[in-house]
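Contents: one structure, followed by commentary.
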Amino acid sequence: MYLPSTDWQGWFQDWFSPHITFGCNVADRPVETEVLNTVGSYGSQINRIMDAMSLLIARLNRNELTPKEQDSIYRFTELAARADKAAADFGGKPSHEEVTLAEVVRWLDVIRDMKRSDPLAYEHVAGLIKELGKDH
């Protein structure tokens, strides 16, 4: 059973004498266990937060952000994309078959940058996206 608690005492209890208690937030163990049993793993919880953040980021007007804020957003989208890829790879699914929201947001960042750096390529991609929208 997976219990990512912060109480490490149990790991060394029978190895050392006298028993030494160490760790952080040992008193939080019952709460952590309850959250894991009723809500889900930390990975599952973080994944939901990352999905919600990716959705909010996709709706941001990046032009209103400072360069430092834009860098933070970029680093987050890269983190989310790497996490999605690692999860897909671990599950044995090729990551190219299942596109995640984080990957879409990352590509939207690339397309936004393209608008500035290569306007002709941007117009081409924008046209393809507009045509895709007409299909539905």
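Of the numbered conditions (1) modelled with pLDDT of 85 or more; (2) touching a helix residue (DSSP H, G or I) at 6+ places or on another chain (Cβ under 8 Å); (3) among the hydrophobic types (A, V, I, L, M, F, W, C), A52 satisfies every one except a single condition; which is it?
Condition not satisfied by A52: (2).
State whether one or more residues within region 18-32 are closer than 30 Å to A81 by Cβ, loosely packed, with under 10 Cβ neighbours inside 10 Å and at pLDDT 80 or above.
Of the residues in region 18-32, the ones closer than 30 Å to A81 by Cβ are 32.
Going one step further and asking which of them are loosely packed, with under 10 Cβ neighbours inside 10 Å, we end up with none.
Checked region 18-32: no residue is closer than 30 Å to A81 by Cβ, loosely packed, with under 10 Cβ neighbours inside 10 Å and at pLDDT 80 or above.
Considering only residues that are touching a residue at least 24 places away in the same chain (Cβ under 8 Å) and either basic (K, R) or over 18 Å from A80 (Cβ atoms) (or both), which ones fall in region 107-124? Working first, answer last.
Initially, region 107-124 is screened for residues touching a residue at least 24 places away in the same chain (Cβ under 8 Å), giving 108-109, 112.
Result: R112, single match.
Within the group A87, A121, which residue is open to solvent by less than 90 Å² (accessible area, probe 1.4 Å), hydrophobic (A, V, I, L, M, F, W, C) and modelled with pLDDT of 85 or more? Talk me through it step by step, then tell me what you get.
On the way: A87 fails: modelled with pLDDT of 85 or more.
Only one candidate qualifies: A121.
Could you tell me which residue of region 124-135 is most open to solvent (accessible area, probe 1.4 Å), considering only residues that are under 29 Å from the mean Cα position of the chain (by Cα) and modelled with pLDDT under 85? First the steps, then the outcome.
Kept after step one, since they are under 29 Å from the mean Cα position of the chain (by Cα), are these residues of region 124-135: 125-126, 128-130, 132-133.
This time we only want the ones that are modelled with pLDDT under 85, so: 132-133.
Working: L132: 105, G133: 52 Å².
It comes out as L132.
The values are calculated or read from the model by the stated rules, or taken from the named source; none is laboratory data. Note that the structure is predicted; figures quoted are calculated from it, not measured. We place every Cβ from the backbone using ideal geometry, glycine too, and count neighbours over all the protein chains shown. Please note that ligands, DNA and RNA were not included when accessible areas were found on the heavy atoms of the full protein model with its side chains. Shrake-Rupley method; radii C 1.70, N 1.55, O 1.52, S 1.80 Å.
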